[in-house]
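All remarks here apply to the structure that follows.
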């Protein structure tokens, strides 16, 4: 099992990635969310120069905010600084686009985007369509040092819905999803990934699976209702709530709401309905605090049931047991996304108390 963190992309705190390396983590994922955080590639460049072992990648790059050749050039540039330690996590932009009031890139466009990026990272000439015009493109060679495509850059596709999951099988070297630590979720996801791989005539050997989650390491005597536990769990709980709400908002499919959210679902809908902005500006507030903190108005939704439903929870030995079970089910990497104010504390506790037991 590999262990990593998704970090809030704060360019003035790039040293955190070096600290994660020193704690023994395998990888750091640097998100690409323009309306919230710093630029991911600038942050990764600083971290890449200061580290020697930890793998560094986008967590995840957003296809809708950069054209495919730009993404290929950006990740290949980081690979020149940290050769062989770089990966490209990439998705349609469920949050990054929604927070601008825009839709994620359509799946058909996403598939073509991945096709182009993958070909470029393999050093191949590829046909590329931009604003309705299709041309063949290939890297221009100005000598060494501009990029590194000799050391392989794996592509890990962020996906949760069936079509996106099949896309991961068609073009990805791995899958990153929320709740992948849960057997039923991972089984569902991999079934669709295999369908995509079969459609593309690809095998699944070496396919990497990652769960994006949070770990709440309980201390002796702590309860899930304790303020200290809520602080360590809260931002991820509300992020999961935002994620499910956005899916439900556009589909009106009640089946997407998990059982552990049903107790607070109506109250959360009322919370959104009472945003102090017009409906057409709700996108500015739905993801407020996303993955960094929870808002004061959301505190009441961080219940013990919500914490247990969204996160890995328990004492060190209990967490290790959950992780070993997930590994037996086919999970390859656990990636934590703790709240901004507690990220170092959670990373240290998990590295020192849980990982040695796994």
Anyone know which of 169, 314, 123 comes out most mobile in the 10 Å Cα GNM of the chain? 123
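Give the whole-number value, in cubic angstrom per residue, of the convex hull volume spanned by the C-alpha atoms of the range 191-344. Please list the in-between numbers first.
Details: hull volume 22.9 nm³, N = 154.
Considering the Cα atoms of the range 191-344, their hull volume per residue is 149 Å³.
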With both partners inside the range 121-182, how many of the DSSP beta bridges are antiparallel, as a percent to the nearest 5? 60
Percent antiparallel among DSSP beta bridges with both residues in the chain, to the nearest 5? 15
So how do 171-179, 192-200 stack up, highest first, on mean other-Cβ count within 10 Å? 171-179, 192-200
Hits in the range 161-195: amide N under 16 Å from the 7 Å Cα→Cβ extension of residue 109, namely 164
Descending semi-axes in whole angstrom, ellipsoid equivalent of the range 276-358, from the Cα gyration tensor: 31, 14, 12
Bin width 5 Å, origin at 0, all Cα-Cα pairs of the range 128-184: what percent of pairs per bin? 4, 14, 14, 13, 16, 18, 10, 6, 4, 1
Take the range 215-259, compute every pairwise Cα distance, and split them into 5 Å bins from 0; I just need the percent in each bin. 5, 20, 22, 15, 13, 12, 9, 3, 1
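If you average 1/r over every pair of different alpha-carbon atoms in the range 90-148 and take one over that average, what Kirkwood value in Å do you get? Display every interim value, and only then the final one.
On the way: mean 1/r = 0.0744 Å⁻¹.
Roughly 13.4 Å, rounded to one decimal.
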For the chain, find the longest principal axis of its Cα atoms and tell me its angle to the long axis of helix 162-171, 0 to 90°, nearest 10. 40
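Taking a ≥ b ≥ c as the square roots of the eigenvalues of the Cα gyration tensor of the range 13-55, is the shape rounded (a/c under 1.5), prolate (a/b larger than b/c) or oblate?
Working: a/c = 2.36, a/b = 1.91, b/c = 1.23.
Verdict is prolate for the range 13-55.
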Given a 10 angstrom Cα cut-off, can you work out which residue in 252, 223, 305 is the most mobile in a GNM of the chain? 252
How high is the relative contact order of the chain? Use alpha-carbon pairs under 8 Å, at least six apart in sequence, and give a whole percent. 18
For the range 50-90: span of alpha carbons on each principal axis (Å, largest first): 31, 17, 14
Taking 0.36 nm per residue of separation and subtracting the Cα-Cα distance, what length does fully extending residue 263 through residue 130 add? 43.2 nm
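Would you please calculate the Kirkwood hydrodynamic radius of the chain over all C-alpha pairs and express it in Å, rounded to one decimal? The partial results should precede the final answer.
Values: mean 1/r = 0.0479 Å⁻¹.
Kirkwood hydrodynamic radius for the chain: 20.9 Å.
Let me check against my output: what whole-number percent is the relative contact order of the range 37-87, with C-alpha pairs under 8 Å and at least 6 apart? Numbers along the way, then the final one.
On the way: 34 pairs, mean separation 25.1, N = 51.
With pairs under 8 Å counted, the relative contact order is 49 percent.
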For the range 113-247, what is the percent of antiparallel DSSP beta bridges, rounded to the nearest 5? 40
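What does the C-alpha gyration tensor say about the overall shape of the range 1-154? Classify as rounded when a/c is under 1.5, otherwise prolate if a/b is larger than b/c, or oblate.
Because a/c hits 1.5 or more and a/b fails to exceed b/c, the range 1-154 counts as oblate.
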What angle do you read, to the nearest 10 degrees and between 0 and 90, between the alpha-carbon axis of helix 262-273 and the longest principal axis of the chain? 70
Return the whole-Å distance between the Cα centroid of the range 78-155 and the Cα centroid of the range 180-240. 25
Where a ≥ b ≥ c are the square roots of the eigenvalues of the C-alpha gyration tensor, would you call the range 179-276 rounded, which needs a/c under 1.5, or, failing that, prolate if a/b is larger than b/c, or oblate? oblate
Measuring from the longest principal axis of the C-alpha atoms of the chain, the long axis of helix 183-199 (C-alpha) lies at a number of degrees, nearest 10, equal to 20
For a protection proxy built on the mean count of beta-carbon atoms within 10 angstrom, sort 331-344, 203-216, 99-112 highest first, please. 331-344, 203-216, 99-112
What would the Debye equation give as log₁₀ I(q)/I(0) for the range 73-181 at q = 0.12, 0.13, 0.15, 0.21 Å⁻¹, counting only Cα atoms as equal point scatterers? -0.47, -0.55, -0.73, -1.22
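Values quoted throughout were computed directly from the atomic coordinates according to the rules given, and no laboratory measurement underlies them. Quantities reported herein were computed from a predicted structural model and do not represent experimental measurements. Here the Cβ is made from the backbone with ideal geometry for all residues, glycine too, and neighbour counts use every protein chain on show.
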